[in-house]
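Here's the structure, in structure tokens; my notes come after.
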2 protein chains.
Amino acid sequence: MKYRRSGRLVDMTNYFLTHPHQQIPLSYFSESYDSAKSSISEDISIIKEVFEYNRLGTIGTTAGASGGVTFIPTVDLTRTESLIDELCYRLEDPERLLPGGYLYMMDVIGDPLLTQDLGRIFASKFRKSKVDAVMTMATKGIPLAYSVAGHLNVPVSIVRHEHRITEGSLVSINYVSGSQKRIQTMSLARRSLAPNSNVLIIDDFMKAGGTIRGMMDLVKEFQSTIAGIGVLTEAVHHEEKLVNEYVSLTKLSEMDIKSKKIKVVRGSIFDNPFYLQD
Amino acid sequence: MKYRRSGRLVDMTNYFLTHPHQQIPLSYFSESYDSAKSSISEDISIIKEVFEYNRLGTIGTTAGASGGVTFIPTVDLTRTESLIDELCYRLEDPERLLPGGYLYMMDVIGDPLLTQDLGRIFASKFRKSKVDAVMTMATKGIPLAYSVAGHLNVPVSIVRHEHRITEGSLVSINYVSGSQKRIQTMSLARRSLAPNSNVLIIDDFMKAGGTIRGMMDLVKEFQSTIAGIGVLTEAVHHEEKLVNEYVSLTKLSEMDIKSKKIKVVRGSIFDNPFYLQD
């Protein structure tokens, strides 16, 4: 269809936003809109300027016959800090305290648009890490993992505690849950992660880090490497953690069950905010 | 910030796409861009025209002091039929057959952008149904459920087979799995679904319908109603199904384990394609 510039800008903006981390040849747009490549290039400059001004992302250009343009989602640091500060405030509600020292978080994890925003922070942080796949643990890591993977345009591998018969052969490992010191099993379908992948591990919660440590071992079983580790909330843990390099969005720094006092602060991803944005 | 029209179109398009089913006052845009409401109205007309021409969605207007504009995502029927036909073709690969007559589908469910497209079909179908929440069963229904819920801008309630101690009090019911005739338990955290909700049930697979039937009973336990039922794949089942009204994206119409022949066709959502789009 033949659009004027205004129509092309709307349609191309939609196309970029729904095709992140994917190289699009200029000819795709010039043919779709029956427009000269020079007009398309000007359109892209306008979109790129708005995206970069608002820190929604950037549009990279690769020259040559096989070249094209690629939309890379990012986040705005100030807006991200406000989002996380508001989340910390919400998490400090004493009503969230559950027996056993757990924190009710399903309202946060159950909000798909909030999850989209939170996942985009990790996707921005790891946008240059050549991530091939996102790995997470069923059930509560899944929503955040899909958001991160969607913004990076890579598949998700879901690790599970149970053995399910509906996914073919499995790779299983035993691991010791860090806080409870129990031996547990986790499994991943053989087909659900390609060998030699660079894997970003995403989970909702980390205390001692036993589950994450288990996923790291599982990645090795697939002859693959770790691109990074990101968790929504890390909890204070007075013994040494089993995982060293990870980033968190929020940190549960204090939880007193008697006085019902919960303190939640910004996570370690904000220790080097420069890398989050630039 | 003060933008020219082209800049506003890009930024507003992004804003609409990331805030579906949410009423936005015109003053939000006129203040953000320091522009007259008349200019903003013209911008919105351009965006609305492109969205409707491409069947990406529509922009509804509510008049009055508390009025505003609302983006409602839809799908294009022709593109949707191609997407589903291609998916059917992929699902017919004999390599997907697993022992016990199961079909490997994690590559489909594990693809976040495909999942976004599939979920949008249900969101378009049920866009006028006043859905308050999406309910699904862990683990494999979750990705599709989040996509549907994201496009409808409603929360997700995740039902589980296990009892987990980390979500407070649970509502549990027993149900009979339709194909295996086993009595099983499913649970949902009391806090994770508000009473008097209108609930859209989304799952990845349905054979006899026992799991869906269970979720319907669980909805009643929350004094709530069923807005609709959508499944990614329904399987042929020669006895009567336990669920009558549902829509499916694909239908596994034939599966012969000996000859390794699988036949997958368009699901029942295409029986009334008119309602999908208009």
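Rule-based calculations on the coordinates, nothing more; no lab input. No experiment lies behind these values; they were computed from the predicted model shown. Every residue, glycine as well, gets a Cβ built from its backbone with ideal geometry; the counts of neighbours run over all protein chains shown.
Residues that are in a loop (DSSP other than H, G, I, E, B) and polar (S, T, N, Q) within segment B:27-55 comprise B:Ser35, B:Asn54, listed in sequence order. I'd like to check something: does segment B:61-68 contain any residue that is crowded, with 17+ Cβ neighbours inside 10 Å and β-branched (Val, Ile, Thr)? No, every residue in segment B:61-68 fails to be crowded, with 17+ Cβ neighbours inside 10 Å and β-branched (Val, Ile, Thr). Residues in segment A:27-52 that are over 23 Å from A:Ala123 (Cα atoms) and at the interface with chain B (Cβ under 8 Å from one of its Cβ atoms): 1 in all.
The criterion of at least 2 residues that are free of Cβ contacts under 8 Å to residues at least 24 places away in the same chain is met by the following strands (runs of 3 or more DSSP E) wholly inside segment B:223-278: B:247-256. The C-beta contact set for segment A:84-102 (first residue away from chain B (no Cβ under 12 Å) and over 24 Å from A:Asp117 (Cα atoms), second residue surrounded by 13 or more Cβ atoms within 10 Å (Cβ to Cβ) and of a type in the set (A, V, I, L, M), distance under 7 angstrom, 6+ apart or interchain) comprises A:Pro94/A:Ile262. The residues in segment A:1-26 that are within 8 Å of another protein chain (Cβ to nearest Cβ), among the aliphatic types (A, V, I, L, M) and part of a helix (DSSP H, G or I) can be counted, and the count is 3. All conditions but one from (1) away from chain B (no Cβ under 13 Å); (2) over 18 Å from A:Ile226 (Cα atoms) apply to A:Lys128; the one that does not is (2).
Answer with yes or no whether B:Val131 is within 18 Å of A:Asp111 (Cβ to Cβ), buried (at least 21 other Cβ atoms within 10 Å of the Cβ) and free of Cβ contacts under 8 Å to residues at least 24 places away in the same chain. Against the criterion (within 18 Å of A:Asp111 (Cβ to Cβ), buried (at least 21 other Cβ atoms within 10 Å of the Cβ) and free of Cβ contacts under 8 Å to residues at least 24 places away in the same chain), B:Val131 does not qualify. Applying the set (1) more than 30 Å from A:Thr74 (Cβ to Cβ); (2) more than 9 Å from every other protein chain (Cβ to nearest Cβ) to A:Leu144 leaves exactly one unmet item: (1).
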